[in-house]
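This report refers to the structure that appears directly beneath it.
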Amino acid sequence: MAETRWILDELPLAVWVGSAPDGAVTYANKAFEHMLPPGASAQAGRDMSSPNEPASLSDALFDRENNPYPVSQLPFARVLATGAPAVVDDLVVRRDGADTYLRAFGSPVFAADGSVSHVIIAFSDITTEVSTKHERARLEERLRFICNHAPISLWATDVEGTITLSEGAALASLGVKPGQLVGGNIFQMYADHPTIPDHFRRALAGDSFWYTAQSGDVVFESWLTSLRDESGKMVGLAGFSNDVSQVRKLQHTVIQSDRVNALGTLASSVAHEINNPLTFVLAHADGVNEELDTLEGLLDSLDESRSASVRACLDRLKAELAPVRSGVARIATITRDLRSFSRPDDNSVAEVSPRSIVESVLRLVGKEVEARARLVLELNETPPVVGNEARLAQVFHNLIVNAFQAVPPGVAAQHEVGIRTYSKGSTVVVEVSDTGPGVPEADRERIFEPFSSTKAIGAGTGLGLFVCRNIVRALHGDVQVSSRPGGGALFRVTLPAGSAAPLSIPPPALPNPSPTAGRHIVLIDDDAMVLRALSSKLTRNGFRVTAFGDAESGIDFLLAANDVDLVYCDLMMPGMTGMELASVLAEKAPELTARLVFMTGGAFSPKAQDFVALHRVTMVGKPFDILTETHSRLG
């Protein structure tokens, strides 16, 4: 017995033995005296067996919520009540101001008659274990907090695909909450997906890898690996998924922006090369038309028999010339659209009335609209917007033409093109709708991309809507397309209002005609055909023209001349450019800079684009009517 007591005294567990039912102490080892409050061995039985009797030991015992521990739930009382072993693992002993967490094992000792004669209670210090559990719980809570606030998800399954873990904020992209998917089967969830089930099977075969998959509008980038137990047996899958939907959208935007920038450089270069021949073709076509008008006037001097055949010939020539001029004008429109790639806002802005612009566009195309559909107008007064009138006219013209082209010809009474202007808060809205087939939702962003067209090949350039959106967004507005109530498409242009009051646009004043005889115009352009065409048109109309094929010769003449009324100079030329000529004039003959007009077929270098932005008032785009431009600037 002495040897047994020695062994018990050296145990790290606290051991107490009390007789039943009074709880008299039969034995308490050294660890008990160190682990529990002083004098606890003498009080233990009484405290643990007498629920209604206050004593020092029960006063020192608490649960983990800091409440006094119920005496009836202590091991001695439970063993006496049931005659069976009892375990309590949520005891807290307060000793010397510090808390010790205990686990108590109570076990009965039976007498020969089967009654409980003694109760043995062993106490173990589980403070470290509890602390570790608490720390693990805190770490798990922190990890859960991070997962549930970051665009990621952590998940796991068993070998059958049943989800055992599902945490993370990225789950919200799928419309579920953390933990909500637990118990579901991942193979069933993605049974119809073309790639995801194969990824799961590959991981269950032992691979670990990254993959990217899209589910609806959500794009996930995921790491997938197999889970194995200590023996190496496959027990399931673990996955880490990152919601990269916004990143992919940003990448798409950047790629699209780079594409547009590259196309812009190419388009400006192409437009520059096209616009020079367009300029002289258009000028010569105008010249031919003028000469035909002159010939027509001379017919009166011929006898009637001869004039009839000549007049018929002139009519045929005019008929042949008309589509040439129309075709050149169409090409000029396309090159202007191409220039919008590189800088869609190369125009001065002012307060303009959207309603007035729509009305002016309808004066041009209203008859065409009514030939295809009923025209329904709701043109309300609105505040003005700050923009360029010609550019906004281009936007509304494109949208209206697209609208009537969307409805089939020959059934005008069955279709409708609607145009509505109104204000909403601090914005002005222009809506153009049609009863055509509408725009599928999948195509509603694509149609605003360059060279994207839903029309038949040859019926459009694919630039119209792209240019429209560029122009409107440069004015801090937007263009969107949706379904028209009742069927068809509805394009909505929103622009910030310029002021609170509706804008009243006075009728344009016609410039006073300016005498042309003797007015001296200097032309500088490296394209000889452009020089010849522009010179011819000005000369025929009474101007005196001096032309130069390079800026070096032109600058020498300008510095020596004193009778120059207007100078037209090409912006981009080999050798000295128009920009460099302007710099020389600003230094040596500043009075001439006010008479300088720059001609450009497209500024495609960053330096030229910046120069155009600073000199918009003195800039004219090829092709242009030099006679109208000259009268305007001299008048």
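Round to the nearest 0.05 the FRET efficiency obtained for residue 381 and residue 480 when R0 = 30 Å and r is the Cβ-Cβ distance.
Approximately 0.80, to the nearest 0.05.
So what are the ³J(HN,Hα) numbers for the stretch 212-226, from phi and the Karplus equation (6.51, -1.76, 1.60; θ = phi - 60°), rounded to whole Hz, Gly and Pro as x?
10, 9, 10, 10, x, 8, 9, 10, 10, 10, 10, 10, 10, 8, 8
Rounded to the nearest 0.05, what FRET efficiency do residue 11 and residue 162 give with R0 = 45 Å and r taken as the Cβ-Cβ distance? Could you check?
0.50
Give me the percent of DSSP beta bridges within the stretch 354-496 that run antiparallel, rounded to the nearest 5.
80 percent
Got a sec? How would 221, 230 order by Cβ neighbour count within 10 Å, fewest to most?
Neighbour counts put them in this order, fewest first: 230, 221.
None of the figures in this text is laboratory data; all of them are computed from the coordinates on show. In this text, all values refer to a predicted model and were calculated from it rather than measured experimentally. Positions of Cβ are backbone-derived with ideal geometry, glycine not excepted, and every protein chain shown enters the neighbour counts.
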